[in-house]
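> This is the structure, below, for whatever I ask next.
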Amino acid sequence: QVQLVESGGGLVQAGGSLRLSCTASADTAHTYVMNWHRQAPGKEREFVASITKSGGTRYQGSVKDRFTISRDKSKNMVTLEMNSLEPEDTAVYYCGCGRALYITDYWGKGTLVTVSS
């Protein structure tokens with residue numbers, strides 16, 4: 001069982017930046033992928049970004065040039081650097097980890113990001 005705890009959410013004005021962090025309770029160095037998803041009010045949860053244990057990254061198209069995902073395997077941590085934030089980025093952001101690229105076995109409880117216009 002892996003517990004994931006997100007931090008770093010908050011309120012920011014459009015155009016601003018936030019950095020989200022996710023710390024795992026167990027060794028995730030060999031976990032194939034760690035990812036971020038988000039869920040806006042009234043919408044389904046959607047993929048944001050992922051990073052594999054070898055460092056390969058994927059992004060949703062709308063965030064590709066604004067968000068950066070990184071992973072520190074020694075600290076069992078994954079971060080999401082978010083720049084040029086837009087009101088449409090407002091959502092609860094969830095950290096996840098999984099044994100394959102499109103599989104998330106564990107989720108965190110989420111952290112709220114609110115972007116004001």
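The values are calculated or read from the model by the stated rules, or taken from the named source; none is laboratory data. Bear in mind that the values here come from a model prediction, so they are computed numbers and not experimental data. Heads up, the Cβs are rebuilt from the backbone with ideal geometry, glycines too, and the neighbour counts pull from every protein chain shown. For accessibility, only protein heavy atoms count, side chains too; no ligands or nucleic acids. Shrake-Rupley method; radii C 1.70, N 1.55, O 1.52, S 1.80 Å.
> For the range 57-71, which residues satisfy the criterion of being touching a helix residue (DSSP H, G or I) at 6+ places or on another chain (Cβ under 8 Å) and open to solvent by 60 Å² or more (accessible area, probe 1.4 Å)?
Step one: of the range 57-71, the residues touching a helix residue (DSSP H, G or I) at 6+ places or on another chain (Cβ under 8 Å) are 62-63.
Within the range 57-71, SER62 is the sole residue that qualifies.
> Out of the residues in the range 44-56 that are closer than 15 Å to ASP72 by Cα and surrounded by 16 or more Cβ atoms within 10 Å (Cβ to Cβ), state the one that is modelled with the lowest pLDDT.
At the first step, the residues of the range 44-56 found to be closer than 15 Å to ASP72 by Cα are 50-56.
Those left that are additionally surrounded by 16 or more Cβ atoms within 10 Å (Cβ to Cβ): 50-52.
On the way: SER50: 97, ILE51: 96, THR52: 93.
So the residue we want is THR52.
> Just name the residue that is farthest from the chain's Cα centre (by Cα) out of those in the range 59-77 that are under 20 Å from GLY108 (Cβ atoms) and of a type in the set (Ser, Thr, Tyr).
Start the filter on the range 59-77 by keeping residues that are under 20 Å from GLY108 (Cβ atoms), which leaves 59-60, 63, 67-77.
With of a type in the set (Ser, Thr, Tyr) added as a condition, the list becomes 59, 68, 70, 74.
Details: TYR59: 10, THR68: 9, SER70: 10, SER74: 18 Å.
Ranking the candidates gives SER74 first.
> Give the residues of the range 20-75 that are part of a helix (DSSP H, G or I) and closer than 19 Å to LEU101 by Cα, sorted by residue number. Explain how you work it out, then say what you get.
Step one: of the range 20-75, the residues part of a helix (DSSP H, G or I) are 73-75.
LYS73 - this is the single residue of the range 20-75 that is part of a helix (DSSP H, G or I) and closer than 19 Å to LEU101 by Cα.
> Next up: Any idea which of THR23, THR28 is open to solvent by less than 90 Å² (accessible area, probe 1.4 Å) and closer than 10 Å to CYS95 by Cα?
Working: THR28 fails: closer than 10 Å to CYS95 by Cα.
From the options THR23, THR28, the qualifying one is THR23.
> Among the residues of the range 77-117 satisfying the criterion of being modelled with pLDDT under 95 and not in a strand (DSSP E or B), which is farthest from ARG58 (Cα to Cα)?
Per the criteria, the residue is SER117.
> Something else: Filter the range 3-19 for residues that are at pLDDT 95 or above, part of a loop (DSSP other than H, G, I, E, B) and out of contact with any helix residue (DSSP H, G or I) (no Cβ under 7 Å at 6 or more places or on another chain); which is farthest from LEU112 (Cα to Cα)?
GLY15
Yes/no per residue for (1) free of Cβ contacts under 8 Å to residues at least 60 places away in the same chain; (2) open to solvent by 70 Å² or more (accessible area, probe 1.4 Å):
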residue	(1), (2)
LYS73	yes, yes
ASN76	yes, no
ASN83	no, no
GLY110	no, no
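> Being charged (D, E, K, R) and touching a strand residue (DSSP E or B) at 6+ places or on another chain (Cβ under 6 Å) is the filter here, so list the residues in the range 15-45 that pass it.
In the first step, residues of the range 15-45 are kept if they are charged (D, E, K, R); the result is 19, 27, 38, 43-45.
Residues satisfying the conditions are ARG19, ARG38, ARG45.
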